[in-house]
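Working notes for the structure below.
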2 protein chains.
Amino acid sequence: MKIPPVKGTRDFYPPDMVVRNWIIDGWKKVSVRNGFEEYDGPIFEYLKMFQIKSGDEIVEQLFSLKDRGGRDLAIRPEITPTLARMINQQINSLPKPIKWFSVPRLCRAERPQKGRLREFFQWNIDIIGIDDVLADAEVIFTACDYLQDVGLTSDDIVVRISSREMLAALLETIGIAESELELLYAVLDKRSKLSDNVFEEMLAEQVADENKRNKIVELMGVESIGQLGDCLQLSDTAKKSVDELQRLFELLDTMGVADFCVFDIGVVRGLAYYTGIVFEIYDRGGKLRAIGGGGRFDNLLKQFGGPDIAATGFGIGDSVLEILLEEKGLLQKQLPSPQPDYFVAYVDKVYRKAAVKLAMKLRAAGFAANFSYKSAKLSKQLNKASEQNARSCLIIGSEIENDQLIVKNMESGEQELIKFGKFLQQCGIELK
Amino acid sequence: MKIPPVKGTRDFYPPDMVVRNWIIDGWKKVSVRNGFEEYDGPIFEYLKMFQIKSGDEIVEQLFSLKDRGGRDLAIRPEITPTLARMINQQINSLPKPIKWFSVPRLCRAERPQKGRLREFFQWNIDIIGIDDVLADAEVIFTACDYLQDVGLTSDDIVVRISSREMLAALLETIGIAESELELLYAVLDKRSKLSDNVFEEMLAEQVADENKRNKIVELMGVESIGQLGDCLQLSDTAKKSVDELQRLFELLDTMGVADFCVFDIGVVRGLAYYTGIVFEIYDRGGKLRAIGGGGRFDNLLKQFGGPDIAATGFGIGDSVLEILLEEKGLLQKQLPSPQPDYFVAYVDKVYRKAAVKLAMKLRAAGFAANFSYKSAKLSKQLNKASEQNARSCLIIGSEIENDQLIVKNMESGEQELIKFGKFLQQCGIELK
């Protein structure tokens, strides 16, 4: 019987795995040089972990299951709740600040479409314990550092930045109560994907007062931090978060990534737990879904039973990133191409045993070495060596009677007859 | 609210992640040098995928779930069914032999105990398309190659090898029908964990005839391939598989891993799909659960709707391996210890911006560089640099007025005053 893979999941054949490894290894490398340490949690957690603060959209998309004891579990749709749980567990022994990264496999039961899958990998970095936009700036820098590392420039990528704290203060000025914010954020977050009419209809469902609605629409049209004061009388709280946002942009300039960054009051983020600076990363062309996003979530650890501690971070998925790199012609040319050190060929099947023995000796010494399972003509074996892009081909034939083998350099085509012992010595293999 | 992790799963804090990465990176390195290419599948598959041939024990331990369309899915408890599915999908375009490896995360709802978890990682290698014990030998060699690579010797490890094909032929000689084999295998597989009495009771449930039972007990007591003929009259089929087993041991000798390998007729393997050579890897001390095991599964691809094609491979888990490496004192000393290239310190908070700028420049150029978020005393920052094991500490102070900084070698303690431009040039950073 033939069974297909589940819709929205991917099979990683070796060429796909090379891509996935290259992307994830890049994430790891850039995380480490930016001072982050890797962590991971289990693939599933108690269901309620994700019902606390992940936001309704994510809760609806959970793959939930029961264990044999009847407990409700779910495959993780994001890793931030696990991060909060793990940090809270060891909060007293972990030196601060905590700079951690992870590259988890995540699952969400979304409708699969371009750049959106039911199973994907997501690069997460977080700084816990720094209540200063310097940490937000460093998080944004780290994202840009990776994107530049793989060849993307500020012509390709834009980081749209705002502040939820500021937005809350501005909406308060307009007369929106704190209790109304969460539902309103959900509408504002969808604004860029909606027509003006549909947006205003959805807004009317949340905000009855037309005057307030008009003010909100006007506010969402603001294009620079400077314009905010023209639109509204800034409260002291609003001023404080506007200043903070300005300092963030200065820091991003100091860090050399200002070209990537713009202010965008429309960035709200779908997840419920953000409290301060928020940002989303897009392709400049604007044709693809978000590459990633993040922000400050100062209340989350507390909500998971931990202390009141500052936190900021981001998540970048692999699917949209891969599509963009492919479109920009940056993917294939940067992938590593494997090169076996040796292909051990044999002139006749009587030499196969000697060839196998040599190949295994080379492998045990750390070299990549292949051989032919079937006794084929030497020319066929040489073709195989060439196909596999082997650096050298070792040929075992009658010369073995004189304790010799032929070493063929596959690039130059040069051949050399050499004593077995001498060859092994050259490979750093001790003779027993 | 505080939520614990699910029983039988692990949180990987950074020090645990270093261990996990070291183990998995070792698996990957040894796979590549032995000529295997990496693949992976989704974390869940259709439930029925695992009901086909995984064996009852595994089916009972599935974490199953429903997607929103009501389809029955399960988190993978092993990757071999996925391997069969993926290879069958591309059977015509994949060059043979197919040598693939994977390091999947797997979940089984077993009762957690030492070396057995509900979530673990398993190194899988498989050779598809070689109907010759040379492939079985190469698979066993690859396992030994890794075990030797991490410092384990044949004093620590034993690979117990048998043949299901041979066992089937021998049991047939005793008078066991083919249809009775699967249930009997399950009993024989448990023998080493049972007392003689309990084993014989369980055996009696499967085999009513006392005479046959005695023959089976006698057969299971055979300690060498040579003794088999003394115990039973070998059929032609049995002779053929005995010869094959003998050739396997010769090949393992040629490959240099004979010291690790012994014949053990008691090795049957729990999984239902094995057809020929089977093996299990144990610590010599015999105190731990199996480190891994594998064998030939020539019918599996066909059972998944594919062609009749030969296949052999193994799986080695991370939990028992880690316990053994720890017990042998081989773990901690081999773990990589991260070393940031630079720690950028600043004498006063007025220089913080310059320090941050320099740190980011260094990171973007590929160096690992840290800095202090808070303006602390220089001595405190130097302590931090030392704690983090930084190679050099860069000190930004009043010398910046002369376009200079101090480079302190953290090992020798030597300090050097150097021009910014010259330092950046030494780091290969272009001046703009």
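Couple of notes before you dig in:
- Residue match in region B:187-198 (condition: among the acidic types (Asp, Glu) and either buried (at least 22 other Cβ atoms within 10 Å of the Cβ) or at positive phi (or both)): no
- Filtered by the rule that a residue be more than 14 Å from chain A (Cβ to nearest Cβ) and either among the β-branched types (Val, Ile, Thr) or within 23 Å of A:Tyr146 (Cα to Cα) (or both), region B:359-398 gives a lone residue, B:Ile395.
- Of the residues making up region B:292-323, those that are closer than 14 Å to B:Ile157 by Cα and crowded, with 21+ Cβ neighbours inside 10 Å are B:Gly292, B:Gly293, B:Ile316, B:Val320, B:Leu321.
Condition check ((1) at pLDDT 95 or above; (2) in contact with a Ser or Thr (Cβ under 6 Å, 6 or more places away or on another chain); (3) part of a loop (DSSP other than H, G, I, E, B)) across all residues:
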residue	(1), (2), (3)
A:Glu223	no, no, yes
A:Leu234	no, no, yes
A:Gln246	yes, no, no
A:Gly256	yes, no, yes
A:Ala272	no, no, yes
A:Ile281	yes, no, no
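- Single unsatisfied condition, A:Leu170 versus (1) buried (at least 18 other Cβ atoms within 10 Å of the Cβ); (2) within 29 Å of the chain's Cα centre (by Cα): (2)
- The residues on offer are A:Leu405, A:Leu394, A:Leu324, A:Leu358, and the sole one that is closer than 30 Å to A:Val133 by Cβ and touching a Leu at 6+ places or on another chain (Cβ under 7 Å) is A:Leu324.
- Pairs where the first residue, in region A:87-108, is among the polar types (S, T, N, Q) and the second is assigned to a strand (DSSP E or B), C-beta under 6 Å, 6+ apart: A:Ser102/A:Asp40; A:Ser102/A:Asn124
- For first residues located in region B:8-20 and touching a residue at least 40 places away in the same chain (Cβ under 8 Å) and in the same structural domain as B:Trp123 (by TED's automatic domain parsing), partners that are assigned to a loop (DSSP other than H, G, I, E, B) and polar (S, T, N, Q) and lie 6+ apart or on another chain with Cβ distances below 9 Å form the pairs B:Val18/B:Ser337.
- Scope region B:324-358; condition among the small types (Gly, Ala, Ser), surrounded by 18 or more Cβ atoms within 10 Å (Cβ to Cβ) and within 12 Å of chain A (Cβ to nearest Cβ); matching residues: B:Ala355
- Test result for A:Ile418, over 41 Å from the mean Cα position of the chain (by Cα), buried (at least 19 other Cβ atoms within 10 Å of the Cβ) and at pLDDT 95 or above: no
- Only one of the numbered conditions (1) assigned to a helix (DSSP H, G or I); (2) of a type in the set (Asp, Glu); (3) in contact (Cβ under 8 Å) with a residue 12 or more places away in the chain is not met by A:Glu326, and that is (3).
- Across region B:266-291, the qualifying residues are those that are surrounded by fewer than 23 Cβ atoms within 10 Å (Cβ to Cβ) and of a type in the set (Gly, Ala, Ser), and the one among them that is nearest to B:Asp196 (Cα to Cα) is B:Gly266.
- Filtering region B:199-213 to residues that are assigned to a helix (DSSP H, G or I) and exposed (fewer than 14 other Cβ atoms within 10 Å of the Cβ) leaves B:Glu201, B:Ala204, B:Glu205, B:Glu210, B:Asn211.
- Residues within region A:125-135 that are within 9 Å of another protein chain (Cβ to nearest Cβ) and either buried (at least 24 other Cβ atoms within 10 Å of the Cβ) or not in a loop (DSSP other than H, G, I, E, B) (or both), tallied: 3
- Residues in region A:328-345 include none that are in contact with a Pro (Cβ under 7 Å, 6 or more places away or on another chain) and of a type outside the set (Lys, Arg).
- Region B:147-167, residues that are within 14 Å of another protein chain (Cβ to nearest Cβ), surrounded by fewer than 24 Cβ atoms within 10 Å (Cβ to Cβ) and assigned to a helix (DSSP H, G or I): B:Gln148, B:Asp149
- Taken over region A:103-117, the residue count meeting the criterion of being in contact with a strand residue (DSSP E or B) (Cβ under 6 Å, 6 or more places away or on another chain) and at pLDDT below 95 is 1.
- Test: residue in region B:307-316 that is in contact with a Ser or Thr (Cβ under 8 Å, 6 or more places away or on another chain), over 27 Å from B:Lys48 (Cα atoms), away from chain A (no Cβ under 14 Å) and touching a residue at least 24 places away in the same chain (Cβ under 8 Å): no
- Count of residues meeting criterion [acidic (Asp, Glu) and away from chain B (no Cβ under 14 Å)] in region A:254-270: 1
- Test: residue in region B:289-303 that is within 12 Å of chain A (Cβ to nearest Cβ) and assigned to a loop (DSSP other than H, G, I, E, B): no
- Screening B:Val139 against (1) at positive phi; (2) surrounded by 18 or more Cβ atoms within 10 Å (Cβ to Cβ) leaves a single unmet condition, (1).
- Qualifying residue in region A:136-144 (condition: in contact with a helix residue (DSSP H, G or I) (Cβ under 9 Å, 6 or more places away or on another chain) and part of a loop (DSSP other than H, G, I, E, B)): no
- Residue match in region B:257-273 (condition: hydroxyl-bearing (Ser, Thr, Tyr), over 30 Å from B:Gln51 (Cβ atoms) and assigned by TED's automatic domain parsing to the domain that holds B:Leu181): no
- Meets criteria (farther than 30 Å from A:Ser386 by Cα, assigned by TED's automatic domain parsing to the domain that holds A:Phe101 and over 21 Å from the mean Cα position of the chain (by Cα)) for A:Phe304: yes
- Pairs meeting the criteria (first residue in region B:224-247 and in the same structural domain as B:Val267 (by TED's automatic domain parsing), second residue assigned to a helix (DSSP H, G or I) and among the small types (Gly, Ala, Ser), beta carbons under 7 Å, at least 6 apart or on different chains) are B:Ser235/B:Ala169; B:Thr237/B:Ala169; B:Ala238/B:Ala169; B:Ser241/B:Ala169.
- Every pair of residues 6+ apart whose Cβ atoms lie under 6 Å, when the first sits in region B:284-306 and is among the basic types (Lys, Arg) while the second is loosely packed, with under 15 Cβ neighbours inside 10 Å: B:Lys302/B:Asp308
- For region B:169-190, a residue qualifies if it is touching a residue at least 60 places away in the same chain (Cβ under 8 Å) and small (Gly, Ala, Ser), and the qualifying residues are B:Ala169, B:Ala186.
The values are calculated or read from the model by the stated rules, or taken from the named source; none is laboratory data. Nothing here was measured: the structure is a model prediction, and the numbers come from that model. Don't worry about glycine lacking a Cβ; one is built from the backbone with ideal geometry, like all the others, and counts go over all protein chains shown.
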